[in-house]
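So the structure is just underneath, and the comments pick up after that.
The values are calculated or read from the model by the stated rules, or taken from the named source; none is laboratory data. Only a predicted model underlies this, so the values are computations on that prediction, with no experimental measurement involved. Using ideal geometry, Cβ is built from the backbone for each residue, glycine included, and neighbour counts are taken over all protein chains shown. Heavy atoms of the whole protein, side chains included, go into the accessibility calculation; ligands, DNA and RNA do not. Shrake-Rupley method; radii C 1.70, N 1.55, O 1.52, S 1.80 Å.
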Amino acid sequence: LADAALTVRRNSRAAWLLRARALEGIGRGAEAAEAYERHLALSEPGPGTRAAAARLAALTERRECLAGALRLFPADDCTEARAFAEAAGGGLPVSEVRAAFTAYMDHRLRERGAADPAVRDLAALYAAYCRLAERDRMPDPLLGGGNGRGEGGGDGEPLAVGDLRNAVAGRTVCLVANTPRLADHVPDAGIDAYDLVVRCDAFPLDVPGAGERTDIHALSHRTTACLDHRVGIRLVFGDPAEEWLRAVRRLVPGAQRRVGDASLRHPVTDPALIGESAADPGPTTAFTMLRLLDFLGVCQAVDLIGFDLPGPGRLRPAERAWAEARAEDSTTTRISLR
């Protein structure tokens, strides 16, 4: 259909877009990228072109992931390596390429172990490929309903999980509970002495003894309070993706410098990884943030302050037990994970 349309109208934007999607669907990535580029060259900037640009970016990054994975073990000619190389360069649908990539990843883990530096690099490329195969690369967040051209919002740099890891690496971090009477229970919490202060959901403002800074605001996609409070990083946790995206678009333009992208939408949720069953209720925002920081494993210190005190946003008993089991030090008001 796309080829027939282009025979009649060589400069049809819609026909080039249809051709790009069809080629991508059958695994002809290089040709699909050319078709996306042709569509974008013929189009005026707008919502449609942002979506096409995101598809092109995702397609390009998937190809770079595959190329990088093939370069890591160039001399190996095992069965899994050959199958993966054929899938990566043979114009197969994404599902088949991913299956071959998974088998190759499993083989390297068994062969060399997860501690091997090359295997760790391969795992990062595999994770990025799988994420990009499941959803588009996130375009600009369109904060506050902006249109991406500076009209009605559009500011706030997207922050991926790797960017967050770099932002917290080597820093001391504290998560502060939302109790409005923190100073009554913790007269000298020393919150402002931490490099990064994290607050969650609808946190109270101007609480004595609770510090003056908010460097990271972590919130559920259902939270609508404190969105105008200026912070460095705002992380919105939510599922399904449509509700998360609506929550991101509710953010107030200019109230944050960086916003977590889709890679941070629903982090650290594999039940096998975190020791939970799939039937367990969803974690609190504070616990999601705590577990994310613990999983990244690059902070100099991670402390929870006041999460066992009366007030909203407390950890659930099972969540507190998880934190205490991994804590280096624990009191009634402070839990130190590292």
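Going from the alpha-carbon gyration tensor of region 1-131, what semi-axes, largest first and in whole Å, does one get by taking the root of 5 times each eigenvalue?
The equivalent ellipsoid of region 1-131 has semi-axes of 35, 15, 10 Å.
Heavy-atom accessible area of Asp106 with all protein chains present, probe 1.4 Å, nearest 10 Å²?
Roughly 70 Å² of Asp106 is accessible to a 1.4 Å probe.
If I stretch the segment between Arg230 and Asp192 completely, what's the gain in nm (0.36 nm per residue apart, minus their alpha carbon distance), one decimal?
12.0 nm
Lys and Arg at +1, Asp and Glu at -1: add these up for the other residues within a Cβ distance under 13 Å of Asp201 and post the number.
For residues surrounding Asp201, the net value is +4.
Would you list the P(r) distribution for region 285-338, with all Cα-Cα distances sorted into 10 Å bins from 0 and each bin expressed as a whole %?
Answer for region 285-338: a P(r) of 25, 62, 13, 0 percent.
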